[in-house]
Each structure stands twice: as C-alpha cells, then as structure tokens.
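Novice: Below: one structure in structure tokens.
The values are calculated or read from the model by the stated rules, or taken from the named source; none is laboratory data. Everything numeric here is computed off the predicted structure, so don't read it as measured data. Positions of Cβ are generated from backbone atoms using ideal geometry, with glycine treated the same way; all protein chains shown enter the neighbour counts.
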Amino acid sequence: MEDNRNKDSVPKATRPWFEAVVELTDQVCASYLTDEYASLARTLAAGLARKRPCPLIRGRVNTWACGVLYAVGAANFLFDPAQKPHMRGADLCSAFGVSPSNGAAKGREIMRMFRIGQLDPRWCLPSRLADNPLAWMVELNGFVVDARRLPRELQEEAHRRGLIPFIPGEPA
C-alpha cells in the first residue's frame, strides 16, 4: 500500500511522523477497511505533514492516525451501518488504542483544518464519486445545476476545468 507520490511530497523534516501515521492507518485499513480508505488516509496524512507548523509533531502518533481515518470515515459515512464497509467510531478508535472521545476530537480537528464535510468530493472514496451529488454541482449562468444533466460539450468543458471528476458515461 505504498504511495510514493504522497511520500515524495512530504518535507524531509516531517517525513518520520508522516510515515508513522501511514504505517498505522495502512494496518487498520488492511484489517478492517479498504485500499481506497488507505489511499485517502495517506493523502490526508501528507497534507498534515506539509502544514506549517506541522501538527503531527505534537501529540501521539496513534491519535493522529485515528483522527485521519476518523475524518475520512466521517466524510464517507463509515459510521453508518447501511454502508459497506461499516465500522463504529468506538471500534475505529479501539483499533488505534485511542479513546472514542480523543479519536472523535482529533477527527473533528482535522476536518476543521481541511474544511472536510460529509460528501466532500475531495475526500470521497473513488468508488462512490459517481453517486456523490456534490461532485456534480456546478454553477451555470448563476444557477447551480447537476453537470450530469448538461449537454456533453458543457460536461467536457466542466471536466477540463476540474469542476467535475469525470465525464459521465466514460470510464473514470
């Protein structure tokens, strides 16, 4: 589960903390979640490692790792029993040896830092992006519309500008 792009984009000074966090998130994802969760966790951990001052250097690594997956999980409804995979927040925290209150607090802190909300297209699991309504909302002539309902040429332009994740009907 190595993602060299994220590793290379992490400053050398904070790389040990990044690697420690990713080692823990990769272990939990391999045991309970998916590679998609692991990839998003690596991306979020790399973002934390690039922040100035780096928040990872204060506090316990396992608490940061838990917070990273808690934030990604919250954005993807991991705690909803109707979802697959599903994991209770308390069980996620237990997998890191962190109390549920500390894990949730660290997750909320990270979500505030990166302005992450539920259904946030930036932090959506790739397999769920096609069904995420927020990934398709674009403004056209002052109105917010679903890009999936636009003519193909407008979809192509929206994709070229990075406003939608892919052109509907084409492989992602």
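Novice: Being under 19 Å from the mean Cα position of the chain (by Cα) and loosely packed, with under 14 Cβ neighbours inside 10 Å is the filter here; which residues of segment 52-80 pass it?
Specialist: Within segment 52-80, just ASP80 meets the criteria.
Novice: Looking at ALA41, is it over 14 Å from the mean Cα position of the chain (by Cα), without any contact (Cβ under 8 Å) to a residue 60 or more places away in the chain, assigned by TED's automatic domain parsing to the domain that holds GLU19 and surrounded by 14 or more Cβ atoms within 10 Å (Cβ to Cβ)?
Specialist: no
Novice: I want to confirm something. Restricting to segment 106-148 and keeping residues that are of a type in the set (Lys, Arg) and surrounded by fewer than 12 Cβ atoms within 10 Å (Cβ to Cβ), which single residue is farthest from LEU92 (Cα to Cα)?
Specialist: The selected residue is ARG115.
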